[in-house]
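Contents: one structure, followed by commentary.
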Amino acid sequence: MSFREAYKLVTKQSIRWFPGHMGKGLKQMQQKLRSVDCIVEVHDARIPFSGRNPEFQHTISGGAKPHILVLNKKDLTDIREQRKIVKELQDREGIQHVLFTNSKNQQCNGIKRMLPLAHSLISNSDRYNRTGLKEASIMIIGVPNVGKSSLLNVLRNKNLRKKSATQVGNIAGVTRSVMERIKISEDPLIYMIDTPGILEPRIADDEMGMKLALVGCLPDHLVGEELIADYLLYWMNKNRRFEYVKEVGLESATDNIAEVLVSYAKGLGAERKYKNLDGQIVNIPDVLVAARKFIKNFRSGVFGGINLDR
């Protein structure tokens with residue numbers, strides 16, 4: 001069976017989500033740069049190249065401060081591709097310090113390495129107006145819902161044995177303002193600044209927008225769950241990842257998202273009432289429930305480790 005080789009949105013309008021707090025947050029971040037010694041940029045390991053905000057490179061990182069790229073949620077990816085991803089990031093963008101982390105696991109090697117690496121980079125850098133200060137300050141940046149606040153909390157808990165300092169959630173846009181400095185280490189004395197997730201003002205590339213939506217960097221309702229589910233189906237078929245077939249109750253792979261969702265809804269026993277033209281009430285498969293479950297399976301790793309940029 002032949003499958004789609006490219007993905008294009010049927011609507012002419014590109015995906016866009018840039019609420020007011022993002023623009024305000026970017027300006028606040030720029031204003032705080034004088035009191036920052038290192039930038040930790042967090043991104044979703046399932047999209048190591050797609051969707052990173054270029055504004056960070058131009059106005060926040062800019063080469064003046066030590067920069068660490070953290071690819072979080074590594075537990076949902078294929079670990080065999082990590083070395084290749086690191087080399088490509090070094091070759092394409094000159095990023096020398098890349099860590100893969102799982103912010104749900106304090107024993108993760110990337111978590112253990114992060115503060116020693118940051119402290120080493122800061123100690124060997126020109127701190128300009130902050131020369132001589134015993135404390136170090138790290139700003140954590142990234143697009144929405146990649147685990148910035150979770151990462152901050154796990155570092156704080158690991159090093160200070162203290163409870164979470166910032167609110168986290170699996171919905172894009174939980175952190176909406178630049179917070180005060182939060183201590184994450186006593187010796188060496190290190191503070192971290194949590195910041196709101198900020199996307200590009202306009203995501204011009206359809207497929208990049210769908211990847212961001214699929215991993216949860218955009219609110220599901222903004223794009224539409226059935227459309228996100230369709231992109232997931234497209235990607236899995238194109239990459240010959242047919243783990244979904246058995247899960248949704250099909251006998252073979254298909255490129256038809258309606259067929260997938262109807263079959264899945266029936267298997268889940270998900271129905272909704274519908275009034276026919278003659279006024280009769282009938283039960284039909286609830287494809288929205290099925291779409292949400294299909295997406296949730298991907299996000300929780302049911303379909304195995306995935307790199308959407310492979």
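Tally time: how many residues in the range 291-310 are outside any loop (DSSP other than H, G, I, E, B) and touching a residue at least 60 places away in the same chain (Cβ under 8 Å)? Lay out the reasoning, then the answer.
Keep residues of the range 291-310 that are outside any loop (DSSP other than H, G, I, E, B), which gives 291-299.
Right, trim to touching a residue at least 60 places away in the same chain (Cβ under 8 Å) and you get 291-292, 294-295, 298-299.
Residues in the range 291-310 being outside any loop (DSSP other than H, G, I, E, B) and touching a residue at least 60 places away in the same chain (Cβ under 8 Å): 6 in total.
Would it be correct to say that S120 is crowded, with 19+ Cβ neighbours inside 10 Å and either at pLDDT 90 or above or within 17 Å of the chain's Cα centre (by Cα) (or both)?
Details: crowded, with 19+ Cβ neighbours inside 10 Å: no; either at pLDDT 90 or above or within 17 Å of the chain's Cα centre (by Cα) (or both): yes.
No.
Which condition breaks for W235 when tested against (1) exposed (fewer than 15 other Cβ atoms within 10 Å of the Cβ); (2) within 15 Å of F3 (Cα to Cα)?
Unmet condition: (1).
If you go through the range 189-204 one residue at a time, do you hit one that is part of a helix (DSSP H, G or I) and within 24 Å of K24 (Cα to Cα)?
No.
Can you go through L218, L222 and tell me which one is under 29 Å from the mean Cα position of the chain (by Cα), part of a helix (DSSP H, G or I), not basic (K, R) and not assigned by TED's automatic domain parsing to the domain that holds G147? Full working, then the answer.
Numbers: L218 fails: part of a helix (DSSP H, G or I).
Sole residue among the options that is under 29 Å from the mean Cα position of the chain (by Cα), part of a helix (DSSP H, G or I), not basic (K, R) and not assigned by TED's automatic domain parsing to the domain that holds G147: L222.
Select from the range 253-267 the residues that are under 28 Å from the mean Cα position of the chain (by Cα) and part of a helix (DSSP H, G or I) and list them in ascending order.
Residues satisfying the conditions are I257, A258, V260, L261, Y264, A265.
Name every residue in the range 53-97 that is aliphatic (A, V, I, L, M) and either modelled with pLDDT of 95 or more or surrounded by fewer than 20 Cβ atoms within 10 Å (Cβ to Cβ) (or both), in order of residue number.
Selection gives A64, I68, L69, V70, L71, L76, I79, I85, V86, L89, I95.
Taking only the range 228-252 into account, find how many residues are assigned to a loop (DSSP other than H, G, I, E, B) and under 28 Å from the mean Cα position of the chain (by Cα). Step through it out loud before you land on a result.
In the first step, residues of the range 228-252 are kept if they are assigned to a loop (DSSP other than H, G, I, E, B); the result is 239-243, 249-252.
Filter once more, so that each one left must be under 28 Å from the mean Cα position of the chain (by Cα): 239-243.
The number of residues fulfilling the criteria is 5.
Within the range 129-145, restricting attention to residues that are outside any loop (DSSP other than H, G, I, E, B) and of a type outside the set (S, T, Y), which residue is modelled with the lowest pLDDT?
N129
Could you tell me whether E93 is over 23 Å from S149 (Cα atoms) and touching a residue at least 60 places away in the same chain (Cβ under 8 Å)?
In short, no.
Residue by residue, here is whether (1) of a type in the set (V, I, T); (2) at pLDDT 85 or above; (3) buried (at least 19 other Cβ atoms within 10 Å of the Cβ) holds:
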position: T166; (1), (2), (3): yes, no, no
position: V174; (1), (2), (3): yes, no, no
position: E180; (1), (2), (3): no, no, no
position: P188; (1), (2), (3): no, yes, no
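Looking at N105 and the list (1) closer than 23 Å to L155 by Cα; (2) over 21 Å from the mean Cα position of the chain (by Cα), which single condition is not satisfied?
So N105 meets the others, but not (2).
Does E207 satisfy the condition of being among the acidic types (D, E), in a helix (DSSP H, G or I) and touching a residue at least 40 places away in the same chain (Cβ under 8 Å)?
When the stated conditions are applied, E207 passes them.
The values are calculated or read from the model by the stated rules, or taken from the named source; none is laboratory data. Everything numeric in this text was worked out from a predicted model, so none of it was measured. Quick reminder, even Gly has a Cβ in these numbers, built from the backbone with ideal geometry, and neighbours come from all protein chains shown.
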